[in-house]
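Read the structure below first, then the notes.
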Amino acid sequence: MPTAPIYIGGVRGALERNVMRYYLAVDAHLASLAVPPEQQLDKRIQTWFDSSERYARQLHEMDRAQYLAMKKDEYERQQARLE
């Protein structure tokens, strides 16, 4: 008989969630390498969000449209600083 998952809170829970976010980011980055360079940013962002939603109870913070807009704005700000 399957048992119910045990969710960890506090500092350990925050650490585990951050580790998972970084793992998903690395995985999304590697997945994006299969598409042309001009499509890689969108692929990374969408792949990360889709992957994080598999663990929505632990990682969900905002809806898809908000997340995609935030990440694109963040990227544009970073690029502007490099110019």
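Observations on the model:
- Pair list, Cβ < 7 Å and 6+ apart or interchain, from the stretch 32-59 residues that are at pLDDT 95 or above to residues that are of a type in the set (Asp, Glu) and part of a helix (DSSP H, G or I): Ser51/Asp27
For every residue, the table says whether it meets (1) closer than 25 Å to Tyr75 by Cβ; (2) over 15 Å from the mean Cα position of the chain (by Cα).
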| residue | (1), (2) |
| --- | --- |
| Pro5 | no, yes |
| Val11 | no, yes |
| Arg17 | yes, no |
| Val35 | yes, yes |
| Thr47 | yes, no |
| Ser51 | yes, no |
| Ala56 | yes, no |
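- Pairing residues of the stretch 1-27 that are in contact (Cβ under 8 Å) with a residue 40 or more places away in the chain with residues that are of a type in the set (S, T, N, Q), at Cβ distances under 6 Å and at least 6 apart in sequence or on separate chains, gives Arg17/Gln58.
The values are calculated or read from the model by the stated rules, or taken from the named source; none is laboratory data. For clarity, every value in this text was computed on a predicted model and none was experimentally measured. A quick note on method: Cβ atoms are made from the backbone with ideal geometry, for glycine too, and the neighbour counts reach across all protein chains shown.
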